[in-house]
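The values are calculated or read from the model by the stated rules, or taken from the named source; none is laboratory data. Every value quoted in this text rests on a predicted model; they were computed, and no experiment measured them. FYI the Cβ positions are ideal-geometry reconstructions off the backbone, even for glycines, and counts take in every protein chain you see. Note: accessible area is taken over every heavy atom of the protein model, side chains too, but ligands, DNA and RNA are not part of it. Shrake-Rupley method; radii C 1.70, N 1.55, O 1.52, S 1.80 Å.
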Amino acid sequence: MQKVQNNKAWWLVLPVFLLVAFSALIPLMTVVNYSVQDIFGPGQAFFVGTEWFKEVLTDERLQDSLLRQFIFSGAVLLIQIPLGIGVALMMPKSGIKGSLCLILLAIPLLIPWNVVGTIWQIFARGDIGLFGWGINQLGIDYNYTGDTLDAWLTVLLMDVWHWTPLVALLCYSGLRAIPEAFYQAAEIDRASKWAVFRYIQLPRLKSVLIIAVLLRFMDSFMIYIEPFVLTGGGPGSSTTFLSQTLTTMAIGQFDLGRAAAFSLIYFLIVLLISWLFFTAITHADKEK
Amino acid sequence: MIAWMNWTPTVAIFFAVIAGILAVMTVYEIVSPCTERKGFLPIATTRGDRLFIGLLSAAYIHLTFLAVSDITLWVALAVSVAWLLVLLRWG
């Protein structure tokens, strides 16, 4: 059969393009449009130029929540990635034990966000929660609703419990894809366990890990429901992350212009970081 | 058309310019298809990649000007355009 050489297949993308235009492009344009206006109600909008952006960029409350967000996402990555690799390495390679581990690991991933928040809200309570009560019984003063550090640790622990399995599952699939011959060669060379990990497993996990880091970064950077249910952003505003600040502004105070300007800055940060990760992934593929 | 959803002329011009750039780049690509090459950026890029990097950094340049100074944004725009051209030519 003769192959047709032209670019007409691009027309098949048109329906998707139209859908994306309605679901993403036009809303985005609307947000840009709102960000340069002060809107009081229908027919009462005033053009304010870049005033909102200036205000948002110099607003200390937002800078604080941005800083908290970066610290949180950083901590999430620092804990979950090594822990996920560790769990994947310790999991049985096959058989019924392997399947059992997979099922147990997957359970937290199946629980909806708000339920996770509720579970931990009760679990970590000092009076009726097993975790909070247990810690208090050890003689440690623990109260996640009153103490900033406790609140942070609880939110982090909750996220680690909820999402480390994802990293572990990704790494597990990556590990299973390493051919047995690699291990046999290492055994002949009498390589230590550390050397096997450092020179065989870790390099082979590279692409899986980039995806895991990207997913975990994006998810933790946009986290909203879990801390909102668990701590409500408190005590004070110590666990108020970016999206909660944004929601309060847009829906609570109905400050559309400012919230739009803030969303655009948020979007630009996410876009930049995703692009960096995307470039790293495609670059790593090209090197192979 | 522009009164719908409180569209403002400024935003209309902004998106028209971006759409215009994309259209020009598409035509340019059809007339003379580009190949990936390595310039002063640490990665090999196509023309489209460099445009994207240029536009994204333009956004950050504007935000930086807004955040740290009271200089008019026309200066930020001029810097961005200059940076975009440098990037497209030597990036």
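Build a GNM of chain A with springs between Cα atoms under 10 Å: which of A:Gly117, A:Gly134, A:Gly74 gets the top mean-square fluctuation?
A:Gly134
Name the residue, out of A:Gln44, A:Gln253, A:Gln80, whose mean-square fluctuation peaks in a Gaussian network model built on chain A with Cα pairs under 10 Å.
Sorting by GNM fluctuation, first place goes to A:Gln44.
Quick one: the Cα spread of chain A along its three principal axes, in angstroms, biggest first?
78, 77, 30
Assuming a strict under-21 Å limit between Cα atoms, what lysine pair count do you get for chain A once near-sequence pairs (fewer than 8 apart, same chain) are dropped? Don't jump to the answer; show the numbers that get you there.
Values: A:Lys93/A:Lys193; A:Lys93/A:Lys206; A:Lys193/A:Lys206; A:Lys206/A:Lys286; A:Lys206/A:Lys288.
Close lysine pairs found across chain A: 5.
Once neighbouring chains are kept in place and the probe is 1.4 Å, which whole percent of the accessible area of chain B is contributed by carbon and sulfur? Working shown, then result.
On the way: 4470 of 5710 Å².
Answer for chain B: carbon and sulfur cover 78 percent of the accessible area.
Check the straight Cα-Cα distances from B:Lys38 and name the aspartates and glutamates below 19 Å, setting aside those fewer than 8 residues away within the same chain.
A:Asp285, A:Glu287, B:Glu29, B:Asp49
Once you've got the GNM for chain A with C-alpha springs shorter than 10 Å, pick whichever of A:Ile273, A:Ile251, A:Ile79 has the biggest mean-square fluctuation.
Highest fluctuation of the listed residues: A:Ile251.
Put simply, what bits of the stretch B:1-49 lose 40 Å² or more of accessible area when the other protein chains are there, versus the chain on its own (1.4 Å probe)?
B:Met5, B:Asn6, B:Trp7, B:Thr8, B:Val11, B:Phe15, B:Ile43
Provide the descending list of Cα extents for chain B along its principal axes, expressed in whole angstroms.
So the extents along the principal axes, rounded to whole Å, are 42, 36, 16.
What's the FRET efficiency of A:Asn6 with A:Glu60 using the Cβ-Cβ distance as r and R₀ = 45 Å, to the nearest 0.05?
Working: r = 57 Å, r/R0 = 1.27.
Efficiency, rounded to the nearest 0.05: 0.20.
Considering only C-alpha atoms, what is the centroid distance from the stretch A:217-288 to the stretch A:132-205, in Å?
If we compute the Cα centre of each part, the gap is 25 Å.
Provide the per residue accessible area, probe 1.4 Å, for the stretch A:223-285, rounded to a whole number of square angstrom. If you can, show how the numbers build up before the last one.
Details: 2440 Å² over 63 residues.
So the stretch A:223-285 comes to 39 Å² accessible per residue, rounded to a whole number.
Loop-only check: which trypsin sites (Lys or Arg not before Pro) in the stretch A:169-245 are DSSP coil with at most 11 other Cβ within 10 angstrom?
Values: sites: A:Arg176, A:Arg190, A:Lys193, A:Arg198, A:Arg204, A:Lys206, A:Arg216; in loops: A:Arg190.
Those satisfying the criteria are A:Arg190.
If I stretch the segment between A:Glu187 and A:Ser173 completely, what's the gain in nm (0.36 nm per residue apart, minus their alpha carbon distance), one decimal?
Numbers: separation 14, 0.36 × 14 = 5.04 nm, distance 2.21 nm.
Separation in residues times 0.36 nm, less the Cα-Cα distance, equals 2.8 nm.
Percent of accessible area on the stretch A:164-288 owned by carbon and sulfur, 1.4 Å probe?
Numbers: 4140 of 6170 Å².
Here it works out to 67 percent.
To the nearest 100 Å², how much accessible surface do chains B and A cover up together, summed over both, with a 1.4 Å probe?
Numbers: alone 6780 and 17700 Å², together 22390 Å².
Interface between B and A: roughly 2100 Å².
With a point put 7 Å past each Cα toward its Cβ, work out how far A:Thr247 is from A:Trp161 in nm, to one decimal.
Label-label distance for A:Thr247 and A:Trp161, simple model: 2.0 nm.
What is the Cα coordinate range of the stretch A:155-223 on the first, second and third principal axes, sorted by size from largest, in whole angstrom?
Computed over the stretch A:155-223, the largest-to-smallest principal extents equal 47, 20, 15 Å.
Once Rh for the stretch A:1-88 is found with the Kirkwood sum over Cα pairs, what is the Stokes-Einstein diffusion coefficient at 20 °C and 1.002 mPa s, in µm²/s? Don't skip to the answer; put the middle values down first.
On the way: Rh = 18.5 Å.
Once the numbers are plugged in, D ends up at 116 µm²/s.
Report the FRET efficiency, 1/(1 + (r/R0)^6), for A:Asp38 and A:Asp147, where r is their Cβ-Cβ distance and R0 is 41 Å, rounded to 0.05. Can you show the working numbers first?
Values: r = 39 Å, r/R0 = 0.96.
It comes out at approximately 0.55.
How much accessible area per residue does the stretch A:5-77 have, counting only protein heavy atoms and a probe of 1.4 Å, in square angstrom? Each step should come with its number before you reach the end.
Details: 4750 Å² over 73 residues.
Per-residue accessible area for the stretch A:5-77 comes out at 65 Å².
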